[in-house]
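The structure appears below as structure tokens.
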Amino acid sequence: MTIQNKAVPEHELLTHKSFMRSLNAVDWVFALIIAAIAYFAQTHVGHHMDIYEVVILWASVGIAVFLGWFFKPMRWYTVLCLALAYGAVNLYAGDIKHSDGFLLKYFLSSQSAIMWQCAFVFFAWFAYIAGAVLANRQQQETNTLLGMGTVFGWISAVAGFTGLLVRWHESYLLRPDAGHIPVSNLYEVFILFLVITGLMYVYYEGRFAVQKLGGFVYTFMAAVVCFVLWYSISREAHTIQPLIPALQSWWMKIHVPANFIGYGAFCIAAMLGVAELWAIRAEKQGRKSWLPASQTIEEVMYKAIAVGFLFFTIATILGALWAADAWGRYWSWDPKETWAFIVWLNYAVWLHLRLVAGWRGRVLAWWAIIGLFVTAFAFIGVNMFLSGLHSYGTL
């Protein structure tokens, strides 16, 4: 009797390559380019950096490289933004008066780039809305207009991040001893918010093939742009001002970006909550929805809240460490701190109900929408209506 050995197929997890082994030559070249740029920055502007800022610089290198490895489009995005910002720096040639040059005046000065960012948010919003309507009529999953929405979203993110980098340089040109990273007031952090939210959305769009949800996300982003434009015109918020003493700390460079990753994710989740309610209603009525399935939308919403909760937790811890450094205590139940805790608790309960209690559907969608208002009050409402140690962030 002959016994034949049959090959047993390996489990998918056993054949799956590790993250590091999946990297190719382009990934390593990208890492070297980013490291070289950081080395160039340290050697040419190192006189503006203390030891903490040097650590932040190289930590940023690690983060940028990881993002480029994890989400491949971030490779060209990062390099392009740095190249455009460096081009603007060279055009300035150390003198803010050179801002009247054609390229700086219309494209690469911080305010010009930010205005292009705002314009392309509206372009993306229109393309996503029109593309979704056309896709619904023609029973398509995607079309040229939806693709244009994605491209416009990328252009907006490039313009916004480039504008922030150039604004950083401009602050040193205006006040050599008082230059600072542009995350010190509402105008600057809203631009950062638009960049982060746009980048997070294009990642989820590509990961889950949900282009039709772009109209929901960019409707909110367009509303933020309207606020930014009003704030800039009525309060001249776009002018670069010196840092107040409370913000003259390297903690700001890590606390604020982490916070706004959380804010961006929570806002995306709220808009997806609106989309999920729409999809659930169509499914219950037995109609074919033009949106993705409600379960798919909720999965994207869960991913966004999970990421947002992680970074908001990190930001809260960093804020406590900053408070200990500045005021000698980690927590003082200041109105801003109290509402930050309420935001954290709100999304902690949301995640618990979904992961542990198994809740799904309409309740979690409404919860995510209401969470946006809680987050908005913690960010802006506290500054407008309450006073405390963080009252320097008023409108």
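Points worth noting:
- Of the numbered criteria (1) at pLDDT below 85; (2) surrounded by 10 or more Cβ atoms within 10 Å (Cβ to Cβ), the one Y39 fails is (1).
- Applying the set (1) modelled with pLDDT under 95; (2) open to solvent by 40 Å² or more (accessible area, probe 1.4 Å); (3) in contact with a helix residue (DSSP H, G or I) (Cβ under 6 Å, 6 or more places away or on another chain) to E12 leaves exactly one unmet item: (3).
- Selected residue [within 18 Å of V158 (Cα to Cα), modelled with pLDDT under 95 and open to solvent by less than 10 Å² (accessible area, probe 1.4 Å)] from Y201, Y187: Y187
- Answer residue from segment 249-293, given it is among the charged types (D, E, K, R) and in a loop (DSSP other than H, G, I, E, B) and is modelled with the lowest pLDDT among those: K288
- Residue within segment 63-77 that is within 18 Å of the chain's Cα centre (by Cα) and over 18 Å from F161 (Cβ atoms) present: yes
- Sub-6 Å Cβ pairs linking a first residue in segment 224-247 that is over 21 Å from F260 (Cα atoms) to a second residue that is open to solvent by 30 Å² or more (accessible area, probe 1.4 Å) and at pLDDT below 90, at least 6 apart or interchain, are P242/R175; P242/A178, ordered by first then second residue.
- Matching residues, segment 274-322, being open to solvent by less than 50 Å² (accessible area, probe 1.4 Å), under 30 Å from L67 (Cα atoms) and free of Cβ contacts under 8 Å to residues at least 24 places away in the same chain: A293, A320
- Here A132 meets each of (1) among the aliphatic types (A, V, I, L, M); (2) farther than 26 Å from Y231 by Cα; (3) open to solvent by 70 Å² or more (accessible area, probe 1.4 Å) with one exception, condition (3).
- Leading residue by the ranking (modelled with the highest pLDDT) among those in segment 232-248 that are open to solvent by less than 30 Å² (accessible area, probe 1.4 Å) and part of a helix (DSSP H, G or I): S232
- All conditions in (1) open to solvent by 20 Å² or more (accessible area, probe 1.4 Å); (2) within 21 Å of T162 (Cβ to Cβ); (3) out of contact with any Lys or Arg (no Cβ under 7 Å at 6 or more places or on another chain) hold for I181, with the sole exception of (3).
- Residues of segment 323-335 that turn out to be part of a helix (DSSP H, G or I) and open to solvent by 40 Å² or more (accessible area, probe 1.4 Å), as a count: 3
- Search result, residues across segment 342-362 that are part of a helix (DSSP H, G or I) and either basic (K, R) or crowded, with 17+ Cβ neighbours inside 10 Å (or both): V343, W344, N346, Y347, W350, R354, R362
- Within segment 85-103, the residues that satisfy the criterion of being open to solvent by 60 Å² or more (accessible area, probe 1.4 Å) and part of a helix (DSSP H, G or I) are Y86, N90, L91, K97, H98, D100, F102, L103.
- Residues located in segment 146-178, provided they are touching a His at 6+ places or on another chain (Cβ under 8 Å) and open to solvent by less than 20 Å² (accessible area, probe 1.4 Å): S171
Residue-wise test of (1) open to solvent by 100 Å² or more (accessible area, probe 1.4 Å); (2) under 28 Å from the mean Cα position of the chain (by Cα); (3) at pLDDT 95 or above.
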position: I34; (1), (2), (3): no, yes, yes
position: G46; (1), (2), (3): no, yes, no
position: Y52; (1), (2), (3): yes, yes, no
position: L57; (1), (2), (3): no, yes, no
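- F120 open to solvent by 30 Å² or more (accessible area, probe 1.4 Å) and more than 19 Å from F227 (Cβ to Cβ): no
- For M115, the conditions (1) under 25 Å from K303 (Cβ atoms); (2) without any contact (Cβ under 8 Å) to a residue 40 or more places away in the chain all hold with the exception of (1).
The values are calculated or read from the model by the stated rules, or taken from the named source; none is laboratory data. All figures in this text were calculated on a predicted structure; none of them were measured in a lab. Glycine gets a Cβ as well: all are built from the backbone with ideal geometry, and neighbour counts include every protein chain shown. Just the protein is used for accessible areas: all its heavy atoms, side chains included, with ligands, DNA and RNA removed. Shrake-Rupley method; radii C 1.70, N 1.55, O 1.52, S 1.80 Å.
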